[in-house]
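Everything below concerns the one structure shown next.
The values are calculated or read from the model by the stated rules, or taken from the named source; none is laboratory data. Since the model is a prediction, treat every value here as computed from it, not as a measurement. When we count neighbours, we look across all protein chains shown, and the Cβ atoms used for this are built from the backbone with ideal geometry, even at glycine.
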Amino acid sequence: MTAEPFTTEEVARIRADFPILARTVRAGAPLVYLDSGATSHKPVQVLDAERDFYERLNSAPHRGAHALSEEATAAYEGARERIAAFIGAQAQDVVFTKNATEALNLAAYAFSNSPHPGIPGSERFTLGAGDEVLVTEMEHHANLVPWQELCRRTGATLRWIPVTDEGRLDLATLDELVTERTKVVAVVHASNVLGTLNPIETIVERAHEVGALVVLDACQSVPHLAIDVADLGVDLLAFSGHKMFGPSGIGVLWGRRELLEAMPPFLTGGSMIETVRMEGSTYAPPPQRFEAGVPMTAQAIGLAAAVDYINELDIKRIHAHELALVDRLLAGLATRPWVTVVGPTDLESRGGTVAFVVDGVHAHDVGQVLDNAGVAVRVGHHCAWPLHRRFKVAATTRASFAAYNTVDEVDALLEALDRVPQIFGVAS
Amino acid sequence: MDLYQELILEHSKRPQHAGLREPFEAEVHHVNPTCGDEVTMRIHVTGEGSEAIVEDISYDALGCSISMASTSILAEESIGRPLTEVLTTYEAMKAMLTSKGEDPGDEEVIGDGVALSGVAQYPARVKCALLGWMAFTDALHQSGRQAALTQLEEGTS
């Protein structure tokens with residue numbers, strides 16, 4: 001059965017859970033928030049969960065034997081279980097990080113020129129001259145710059161899969177790009193600009209033929225699509241909490257167990273150790289090996305509450321709802337010849353973001369006019385500068401959707417957009 | 001919208017003194033990394049100390065209407081004027097843009113720059129309006145005219 005978008009009444013009920021959506025901006029315009037791809041708003045259920053932790057359980061988990069610490073540990077590890085289940089994973093394979101950027105850096109910093117003497121199997125994470133790391137031209141800087149740096153440190157070579165004019169990965173040369181030299185393929189699941197959903201299975205199949213690891217940036221897919229890590233077949237997967245109704249300050253790195261076990265640590269210090277002597281240290285098993293310092297306990301609990309919230313809404317319906325909004329926006333933009341969509345113009349393999357340019361007007365100016373009408377969108381290169389260079393545009397305007405957005409909000413965007421050619425005197 | 005006064009739209013559509021010219025003592029390239037706006041700027045300044053004259057500011061810019069207009073106004077208001085006066089204009093522009101709307105700008109000092117006063121209400125856009133000016137002061141540094149800038153800092157501190 002195909003999932004249905006939310007009804008008007010259902011969206012109204014969802015919106016009531018997000019107090020911020022009731023506010024006005026600038027000169028009293030109702031807020032039309034179409035920037036959930038940057039960060040989503042938080043329902044009261046998430047805010048309450050965080051507050052409840054601080055009011056009743058606040059203490060450092062995995063430390064001390066007092067009652068509060070035990071309860072905090074149980075809440076923290078319980079949150080890990082719920083978040084893991086949400087992506088079809090086991091709790092022990094889920095590592096909490098500060099954000100998705102840190103999760104991807106954790107993956108990149110696992111690699112070095114030589115194996116870690118204290119971690120069996122870590123030769124899997126060695127890299128040197130002659131080895132290659134493959135990314136794509138549509139990566140967010142968070143899944144590009146760490147790999148550039150890794151190549152610089154190790155002498156490996158960075159290569160990339162190009163993007164077609166339609167905003168899809170050009171996989172025609174995949175077999176030439178992925179070779180015996182390829183050790184890592186780092187790719188985005190859903191583009192944060194184009195909205196494209198990439199064919200991960202195809203990439204995984206080819207990468208695994210040559211023994212390369214696949215690292216997936218799932219920031220724009222986990223909040224919007226039913227994800228099962230086993231089905232995807234990737235080796236490591238990163239996402240952030242704040243884009244899926246969760247708090248800021250928490251991200252996740254999921255990894256296949258045997259890989260996490262063979263991975264050298266990234267941030268080191270308290271609570272990630274097994275034994276420490278002046279001469280050297282040994283490390284805890286995953287996920288603790290990758291969680292140095294007192295963890296972000298309230299955020300983990302908040303993120304678990306966000307997962308519960310999404311489960312209650314049904315993520316399949318969230319996706320259907322967002323696609324219906326994308327469909328309406330694409331149809332509206334198609335009737336405005338002065339607008340060019342950057343990315344796929346159909347719903348095939350698509351997520352809930354739409355990027356476009358108004359011919360002859362800079363995205364910052366477009367965003368300002370929309371903002372004046374209370375419509376919040378993202379403008380700029382969205383941390384995907386090479387992708388914008390690829391399309392020969394300095395910046396785009398991006399609308400991105402969440403479960404709480406309405407058809408009326410899409411229309412408000414289109415209506416406000418019509419003021420742009422008037423103000424800037426370009427042909428409309 | 002108050003922000004987009006006719007003068008700004010005029011300048012951004014028809015940037016004054018655009019294009020890169022010779023002679024020049026320094027060429028700089030500045031970007032606004034949050035939005036990708038870019039400007040390449042050359043300056044030609046003759047004379048020393050209080051006698052210094054801004055002979056030419058030439059540039060190649062890509063950006064939003066605010067950054068384009070601001071750079072155009074910079075060139076228009078500065079070319080042919082004593083450097084000390086241009087730096088006074090810079091200080092007045094900066095003060096207006098960072099005043100959160102409290103300083104409406106003095107047309108006597110900043111000329112067409114007053115059209116940018118609305119930018120002060122939008123903190124995210126202040127950088128756009130200052131991009132060309134940042135390039136200009138950097139170019140002064142690059143061409144060995146730190147003294148003029150130092151005097152300016154001492155005068156205002």
query = Which members of the range A:163-175 meet the condition of being under 21 Å from the mean Cα position of the chain (by Cα) and surrounded by fewer than 17 Cβ atoms within 10 Å (Cβ to Cβ)?
reply = none
message = Among the residues in the range A:91-106, are any of a type outside the set (S, T, Y), surrounded by fewer than 18 Cβ atoms within 10 Å (Cβ to Cβ) and in contact with a Lys or Arg (Cβ under 9 Å, 6 or more places away or on another chain)?
response = yes
ask   = When you scan the range A:11-43, how many residues do you find that are of a type in the set (A, V, I, L, M), in a helix (DSSP H, G or I) and surrounded by fewer than 16 Cβ atoms within 10 Å (Cβ to Cβ)?
value = 4
query = What is the residue count in the range A:19-39 for residues that are at negative phi and out of contact with any strand residue (DSSP E or B) (no Cβ under 9 Å at 6 or more places or on another chain)?
reply = 2
Unmet criterion (only one of (1) within 14 Å of another protein chain (Cβ to nearest Cβ); (2) in contact (Cβ under 8 Å) with a residue 40 or more places away in the chain; (3) buried (at least 16 other Cβ atoms within 10 Å of the Cβ)) for B:S58 = (1)
ask   = Looking only at the range B:19-47, which residues are closer than 18 Å to B:L149 by Cα and within 14 Å of chain A (Cβ to nearest Cβ)?
value = none
query = Within the range B:51-58, is there a residue that is of a type outside the set (D, E) and over 23 Å from B:E108 (Cα atoms)?
reply = yes
request  = Collect the residues in the range A:392-402 that are touching a Ser or Thr at 6+ places or on another chain (Cβ under 9 Å) and not polar (S, T, N, Q), keeping them in residue-number order.
outcome  = A:V393, A:R398, A:A399, A:F401, A:A402
ask   = In the range B:1-29, what count of residues is obtained for those that are assigned to a strand (DSSP E or B) and surrounded by fewer than 20 Cβ atoms within 10 Å (Cβ to Cβ)?
value = 5
inquiry  = Against the conditions (1) in contact (Cβ under 8 Å) with a residue 24 or more places away in the chain; (2) assigned to a helix (DSSP H, G or I); (3) farther than 30 Å from A:L329 by Cα, where does A:V46 fall short? Just the number, please.
reply    = (3)
remark   = Among the residues of the range A:40-64, the number that are in contact with a strand residue (DSSP E or B) (Cβ under 9 Å, 6 or more places away or on another chain) and at pLDDT below 95 is 0
ask   = Here is a list of conditions, (1) without any contact (Cβ under 8 Å) to a residue 24 or more places away in the chain; (2) under 12 Å from the mean Cα position of the chain (by Cα), and B:T89 meets all of them except one; can you say which number that is?
value = (1)
key: Residue among B:S50, B:S67 that alone is within 14 Å of chain A (Cβ to nearest Cβ) and in a helix (DSSP H, G or I)   = B:S67
key: From A:E209, A:E201, residue being assigned by the TED database to the domain that holds A:L237, modelled with pLDDT of 95 or more, within 22 Å of the chain's Cα centre (by Cα) and surrounded by fewer than 24 Cβ atoms within 10 Å (Cβ to Cβ)   = A:E201
note = Among B:S72, B:S50, the single one that is among the polar types (S, T, N, Q) and surrounded by 20 or more Cβ atoms within 10 Å (Cβ to Cβ) is B:S72
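Okay, residues lined up against (1) closer than 21 Å to A:R350 by Cβ; (2) surrounded by 20 or more Cβ atoms within 10 Å (Cβ to Cβ); (3) more than 24 Å from the chain's Cα centre (by Cα):
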residue: A:V369; (1), (2), (3): no, yes, yes
residue: A:G374; (1), (2), (3): no, yes, yes
residue: A:R378; (1), (2), (3): yes, yes, no
residue: A:F401; (1), (2), (3): yes, yes, no
residue: A:N405; (1), (2), (3): yes, yes, no
residue: A:R419; (1), (2), (3): no, no, yes
residue: A:G425; (1), (2), (3): no, no, yes
key: Residue satisfying condition, being farther than 26 Å from A:D170 by Cα and free of Cβ contacts under 8 Å to residues at least 60 places away in the same chain, within set A:G130, A:G155   = A:G155
task = Six or more apart or on different chains, Cβ under 7 Å: which pairs go from a residue in the range A:172-190 that's assigned by the TED database to the domain that holds A:R350 to one that's in a loop (DSSP other than H, G, I, E, B)? Could you list them?
result = none
Hits in the range A:321-358 (condition: within 14 Å of chain B (Cβ to nearest Cβ) and more than 24 Å from the chain's Cα centre (by Cα)) = A:V358
ask   = Is there any pair linking a residue in the range A:73-91 that is over 19 Å from A:Q288 (Cβ atoms) to one that is surrounded by 15 or more Cβ atoms within 10 Å (Cβ to Cβ) and aromatic (F, W, Y), with Cβ under 9 Å and at least six apart or on different chains, and which?
value = A:I87/A:F239; A:I87/A:W254
Test set (1) aliphatic (A, V, I, L, M); (2) in contact with a strand residue (DSSP E or B) (Cβ under 9 Å, 6 or more places away or on another chain); (3) within 14 Å of another protein chain (Cβ to nearest Cβ); (4) part of a helix (DSSP H, G or I) - B:V86 fails condition number = (3)
ask   = Quick one: in the range A:378-428, which of the residues that are hydrophobic (A, V, I, L, M, F, W, C) and in a strand (DSSP E or B) is nearest to the other protein chains (Cβ to nearest Cβ)?
value = A:V379
message = B:L131 - would you say it is within 22 Å of B:P15 (Cα to Cα), within 14 Å of chain A (Cβ to nearest Cβ) and in contact with a strand residue (DSSP E or B) (Cβ under 6 Å, 6 or more places away or on another chain)?
response = yes
query = Pick from A:L144, A:L174, A:L127: which is modelled with pLDDT of 95 or more and farther than 24 Å from A:R389 by Cα?
reply = A:L127
